[in-house]
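Structure first, then comments.
The values are calculated or read from the model by the stated rules, or taken from the named source; none is laboratory data. None of the values given here were measured: they were computed from a predicted structure. Cβ coordinates were reconstructed from backbone atoms using ideal geometry, including for glycine residues, and neighbour counts include every protein chain displayed. Only protein heavy atoms, including side chains, enter the accessible area calculation; ligands, DNA and RNA are left aside. Shrake-Rupley method; radii C 1.70, N 1.55, O 1.52, S 1.80 Å.
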Amino acid sequence: QVQLVESGGGWVQAGGSLRLSCAASGSIFSISAMGWYRQAPGKQRALVARITSGGSTNYADSVKGRFTISRDNAKNTVYLQMNSLNVEDTAVYYCMLGWGARNYWGQGTQVTVSS
């Protein structure tokens, strides 16, 4: 059984930074792809950033150059460093672990950016 717990969300002014963390239980973290998704009110959940088990990353165009995804396999944790935040980044952010045909999701953490 995999459980994902996000933390680090909150309120920040435009231009500020936040770092999200996602701690995973279980033994498959190091061999799993990890991702951060977000869902704004009235919009579909969308990929923000993804990192493979080997460390390759990809980002949504809207966050390239501002957000950085990383992982610490020793801590079973994936991070999302978010810089130069703007109001369009306001959303609930979800952590996702992908292994085989299964995707596991965290409960989400709210990020609110004010102008």
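Worth a mention:
- Between ALA40 and SER53, the distance separating the two model label sites (each 7 Å from Cα on the Cα→Cβ line) works out to 3.5 nm.
- Accessible-area rank, largest first, for ILE31, ILE69: ILE31, ILE69, with all protein chains present and a 1.4 angstrom probe.
- Compared with the alpha-carbon gap, the fully stretched path from TRP105 to TRP11 is longer by 31.6 nm at 0.36 nm per residue.
- Accessible surface of LYS75, taken over heavy atoms with a 1.4 Å probe and every protein chain present, rounds to 130 Å².
- Summarising the label geometry, the points placed 7 Å from Cα in the beta-carbon direction at GLN1 and SER84 lie 4.3 nm from one another.
- Seen from all directions on average, region 1-88 presents a Cα convex hull projection of 6.0 nm².
- Signed unit charges on C-beta, dipole axis of the chain, positive-most listed residue GLY42, TRP11, ALA74: ALA74
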